[in-house]
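Undergrad: Dropping a structure here in structure tokens format, bear with me for questions.
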Amino acid sequence: VVSKPATGEIIAMASYPSFNLNSFILNTVENLEYRRSLSLDTKGTPLINRSLQATYPAASIYKTISTAILLYEGLIPEDKHYYCSGSYRLNNQTFGCWSTHNSQDMEDALKNSCDVYFYNAALIIGIDRLSKYSEMFGVGKITEIDLPSERSGNNPSRQWFRSIGFEWYDGHTLNTIIGQGDVKVTPLQLLNIINIVANKGVAYKPRILKSISDPENGTNTIIDKEILSTVKMNDETYIKLTSYLRKVVSEGTAVNAFRYNPYKFAGKTGTGEVGVGQKKQTHSSFAGFGPIDYPLEEQISVIVLIEYDNGEFYRWSAPLANMVLNAWFSKEYDYKELSRKMGYPYKESYATE
Ligand SMILES: [Zn+2]
């Protein structure tokens, strides 16, 4: 999904597997058969608009919210270091990090997406504060986009856990703070989080509809932007957070994907784990915005999420997001030319899909 953070306007929205919309116009035998095959495809589920009707672990993009809380509430000094040995012990449980990061301060932790730093932060923030701010950032609530059947996802809290018959433990907070466990979001909600940062606390309702023209009387009604919610944190928090998200792209987990980077984009990578044991798989994601040195009205934001993007060495979300951002600002729309220029392996299938 691509949007304008300053207004909530949706520039583009795509979900794959896709289908031929024309088949819904006429009820020919061929069309009816095709539509039946779409609804019977329980594996690809092409009729689900994944942007707003499918939920995923928020994964590490959620650390954007966690970091905002730390900055705004001043819970941990920015230069305080925590040591990441690759895992963290809480009571008798081990919580892993995806790498061994050694000494990490707040900026390092977001830049490198260090889980151990955030496990330490989880116990300081606590689940009550975490769930309160998550709700402000729109987790567990629909974005009120002008399309039907949007899902709200889930924002885990102590009260919610009690309502389904469980007691909350600190281990759950550790899972929550890295966007795993019971934190479930739609890609559109992830984009909303990033838009709130870009907008310094204001979320607009995502809008597909731009205007309504009446050919009979010639009137044209422009659909105005509409505030969905505000997250009242000070500007310094958002400015600092943006500088950290910029570091993700210029030095951190997205640096390889953004090697070709003539514009100043900022963003956060995510790797959502689904399934257990041998069947464990990952969804990759990237949400970003920019260029951060442009006026807000000119900036755009993007979320890319790829299901089961299990590649060990190359994940596609951040490169694709970078291509979308660059295509918009450089006005280079030839996909093949763009991927050549940006140094990505060209895939015919991506170009057509
Ligand atoms: Zn780490």
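Taken together, the values in this text are just the output of simple stated rules run on the coordinates, not laboratory data. These numbers come from a predicted model, not from an experiment. As a convention, Cβ positions derive from the backbone with ideal geometry for all residues, glycine included, and neighbour counts pool all protein chains shown.
Undergrad: Just the Kirkwood number for the chain, please: inverse of mean 1/r across all distinct Cα pairs, in Å, one decimal.
TA: Computed over the chain, the radius equals 21.3 Å.
Undergrad: Need one word for the range 1-145: rounded, prolate or oblate. Basis is the Cα gyration tensor (sqrt eigenvalues a ≥ b ≥ c); a/c below 1.5 gives rounded, then a/b vs b/c decides.
TA: Prolate.
Undergrad: Follow-up. With n ≥ 4 as the cut-off for DSSP H runs, can you work out [θ] at 222 nm for the chain, using -39500 (n - 2.57) per run divided by the number of residues, rounded to the nearest 500?
TA: Result for the chain: -10000 deg cm²/dmol, rounded to the nearest 500.
Undergrad: Quick one: Karplus J couplings for the range 258-268, per residue in order, coefficients 6.51, -1.76, 1.60, θ = phi - 60°, nearest Hz, x for Gly and Pro?
TA: Whole-Hz 3J(HN,Hα) from phi for the range 258-268: 9, 4, 8, 8, x, 10, 8, 8, 10, x, 9.
Undergrad: Would you please classify the overall shape of the range 1-51 from the alpha carbon gyration tensor, given that a ≥ b ≥ c denote the square roots of the eigenvalues, rounded means a/c under 1.5, and beyond that prolate means a/b larger than b/c while oblate covers the rest? Before the final figure, lay out the partial values.
TA: Details: a/c = 4.78, a/b = 2.08, b/c = 2.29.
Cα axes put the range 1-51 in the oblate bin.
Undergrad: Also, I was wondering about something else. Please work out whether the range 152-270 counts as rounded, prolate or oblate from its C-alpha gyration tensor, where a ≥ b ≥ c are the square roots of the eigenvalues and a/c under 1.5 means rounded, while otherwise a/b larger than b/c means prolate and anything else oblate?
TA: oblate
Undergrad: Cross-link list K141/K268; K80/K111; K63/K280; K132/K184; K240/K264: which exceed 18 angstrom alpha carbon to alpha carbon?
TA: Over 18 Å Cα-Cα: K141/K268; K63/K280.
Undergrad: Could you list S66, S213 in order of exposure, starting from the residue whose Cβ has the fewest other Cβ atoms within 10 Å? Can you show the working numbers first?
TA: Values: S66 24, S213 10.
Ranked by crowding around the Cβ, least crowded first: S213, S66.
Undergrad: Sorted by mean Cβ packing within 10 Å, highest first, what order do the peptides 82-93, 168-179 take?
TA: Ranked by mean Cβ neighbours within 10 Å, highest first: 168-179, 82-93.
Undergrad: May I ask you to derive the relative contact order of the range 95-142, considering only C-alpha pairs under 8 Å and at least 6 residues apart, and to give it as an integer percent?
TA: On the way: 20 pairs, mean separation 13.3, N = 48.
Here the relative contact order equals 28 percent.
Undergrad: I would also like to ask the following. Mind checking which aspartates and glutamates have their C-alpha under 15 Å from K225, skipping anything on the same chain fewer than 8 residues away?
TA: Cα-Cα hits under 15 Å: E9, E144, D146, E297.
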